[in-house]
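Structure record follows, encoded as structure tokens.
The values are calculated or read from the model by the stated rules, or taken from the named source; none is laboratory data. Treat the numbers as computed from the prediction; the structure is a model and nothing was measured. Positions of Cβ are generated from backbone atoms using ideal geometry, with glycine treated the same way; all protein chains shown enter the neighbour counts. The accessibility values were calculated without ligands, DNA or RNA, using every heavy atom of the protein model including side chains. Shrake-Rupley method; radii C 1.70, N 1.55, O 1.52, S 1.80 Å.
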Amino acid sequence: MKNNEKLIEQAKDILYKNDVDGYTVPTHGLYPFQWNWDAAITALGWMKTDESRAWLEIEMLLKGQWDNGMVPHIIFHQEVDSYFPGPKVWGVDKDIPTTAISQPPVLVSIVKMMAEQAKDQKLAQEKLTQMLPQLIAYHQWWYNDRDPENTGLVVSYHPWESGMDNSPAWDKSLAAVPPVTWQYKRKDLEHVDSDERPHANEYDRYLYLVDFFKKSNFDSEVIYRDCPYKMYDVGIISILHKATKDLVSLCQTSKVNEQHVTWFNKQIALTESAINTLWSDEQNSFLNTDAITKESFPVLTTGTLMAIYGELANKEQSAKLKILMKSWLDETEFGISSTYAKCAQYEPQRYWRGPVWLHINWLLALGAEHYGFNEESLQLKEASQTLIEKSGYFEYFNCETGAGCGGDDFSWTAAIALHWFL
Ligand code: GLC
């Protein structure tokens, strides 16, 4: 790559600059706490400069774990008032306040990668032994709490849980959620242009759900029964599935209790069969589906394509997804747009409705590699390199122009560049 040395230095500087007492903020101002999947991905970047700091990132994240095993989507390690909704609105009364939902569980897969690539194997094995019970508890929570009827498909309770906040796939189900009736002041718009962020009517409903969790006393059974938003999110299901396979492999090498392995293998088999109920012959893709109304949404997003990363597509399905991926890549220049450009809801600049995210390009490239889609995986890598050379380390990028959008000096963008190609 051009300017490789300079880009490496800049990426490392971003990690150090975003380091706050052992955890890394995604970017100062806009996101001043520790986020779940950001932390895992950022740890991969730390591995390139300071392995013990990388393990600390994960330990800090796990400090926020709930007694029931959930690893929350945000850990509010310190009070900062540049973000809304903060800990008071979420109302989680714990030593370290957190939100009440989780995020795409890439954590275990990344811990496995870290252990494999660690130069300091002694440290890696020590950390792994120490955190494995917590990782097991996190995955048990997903299946027990979010799939209590053992269908093979976990549900998600909030668009923020998907990590793809305002994806058009959530529009219809979110519209069925009532709006909050109290007044509030958003803070994201103080940091980023409003045409790059979600709309007000979406925010009203995001907050209704936050209130609903609090009013339900965070009781899993009540929430499962009454939550007005329940989604079979192909992204979460796929990322969880891949991570559970990685967890089984970690358990086997660490010689952890056989019972866990057997139990997780059962969940893996259930999902491999149940995922077919989300397949659409018309769209030639898996589709996100409302778990309350059972309506599936024909909009193609990076979430639906994540089945490739999750290794959930069978031979026929993967052949169709390869064709889809190819034309998706050909539509825009900088990798996989968060919404397929041929869908009516596509907007190249608005958050998860079109722009490109570096870590998503990377996850999909891993999936493409697994299926032997070598051309597509190479195209993803080259497009991602071009993006960084052209625009630097933004939160995400306009998929047509490559212009950086959202927050600048962004941790996961820097981390993935370091891990993947720098
Ligand atoms: C936004 C993104 C989410 C990410 C967070 C912090 O909410 O949608 O995926 O984890 O920002 O970067």
message = I need the phi-derived Karplus couplings for segment 163-172: 6.51 cos²θ - 1.76 cosθ + 1.60, θ = phi - 60°, integer Hz, Gly and Pro marked x.
response = x, 10, 2, 10, 4, x, 5, 9, 3, 5
inquiry  = If amide hydrogens are placed 1.01 Å from N in the peptide plane, which non-local residues have theirs closer than 5 Å to the one on Val92?
reply    = Thr98
task = Filter the trypsin sites (Lys or Arg not before Pro) in segment 284-373 to those in DSSP coil with at most 15 other Cβ atoms within 10 Å of their Cβ, and list the result.
result = Lys294, Lys342
remark   = Note to self: with every protein chain in place and a 1.4 Å probe, segment 217-289 gives an accessible area per residue in Å² of 45
request  = Rounded to whole Hz and in sequence order, give me ³J(HN,Hα) for segment 323-330 from the Karplus expression 6.51 cos²θ - 1.76 cosθ + 1.60, θ = phi - 60°, writing x for Gly and Pro.
outcome  = 5, 4, 4, 4, 6, 4, 5, 6
query = Once you sort the root eigenvalues of the Cα gyration tensor of segment 1-141 as a ≥ b ≥ c, which label holds: rounded (a/c under 1.5), prolate (a/b larger than b/c) or oblate (the other case)?
reply = oblate
inquiry  = Using a 1.4 Å probe on the protein heavy atoms, what percent of the accessible area of the chain belongs to carbon and sulfur?
reply    = 47
ask   = How large is the helix-only mean residue ellipticity at 222 nm for the chain, computed as the sum of -39500 (n - 2.57) over DSSP H runs with n ≥ 4, divided by its residue count, in deg cm²/dmol to the nearest 500?
value = -16000 deg cm²/dmol
query = Are there GluC sites (Glu not before Pro) in segment 200-282 that DSSP marks as loop and that have at most 16 other Cβ atoms within 10 Å, and which are they?
reply = Glu282
Amide H contacts under 5 Å for Cys405, placed H, 5+ residues apart = Glu395, Tyr396, Phe397, Asn398
inquiry  = Sort 362-368, 233-239 by packing, meaning the average of other beta carbons within 10 Å per residue, with the highest value first.
reply    = 233-239, 362-368
inquiry  = Apply the Karplus curve 6.51 cos²θ - 1.76 cosθ + 1.60, θ = phi - 60°, to the phi angles in segment 350-367 and return the couplings in whole Hz, x for Gly and Pro.
reply    = 8, 6, 8, 9, x, x, 9, 10, 5, 5, 6, 3, 5, 4, 5, 5, 4, x
ask   = Let a ≥ b ≥ c be the square roots of the eigenvalues of the Cα gyration tensor of the chain; is it rounded (a/c under 1.5), or, if not, prolate (a/b larger than b/c) or oblate?
value = rounded
ask   = How many nm separate the modelled label positions at Gln117 and Asn68, each set 7 Å beyond the Cα in the direction of the Cβ?
value = 3.5
request  = Sort segment 287-422 into rounded, prolate or oblate with this rule: let a ≥ b ≥ c be the square roots of the eigenvalues of the Cα gyration tensor; rounded if a/c is under 1.5, and if a/c is not under 1.5, prolate when a/b is larger than b/c, oblate otherwise.
outcome  = oblate
Fully extended contour minus Cα-Cα distance, from Val192 to Leu270, at 0.36 nm per residue = 23.9 nm
message = Using the basic label-point model (7 angstrom from Cα toward the beta carbon), what is the Glu258 to Glu382 distance in nanometres?
response = 5.0
key: Cβ-based net charge around Trp279, under 12 Å, with every Lys or Arg adding one and every Asp or Glu removing one   = -2
remark   = Computed from the beta carbon distance with a Förster radius of 45 Å, FRET efficiency for Thr293 and Met1 to the nearest 0.05 stands at 0.40
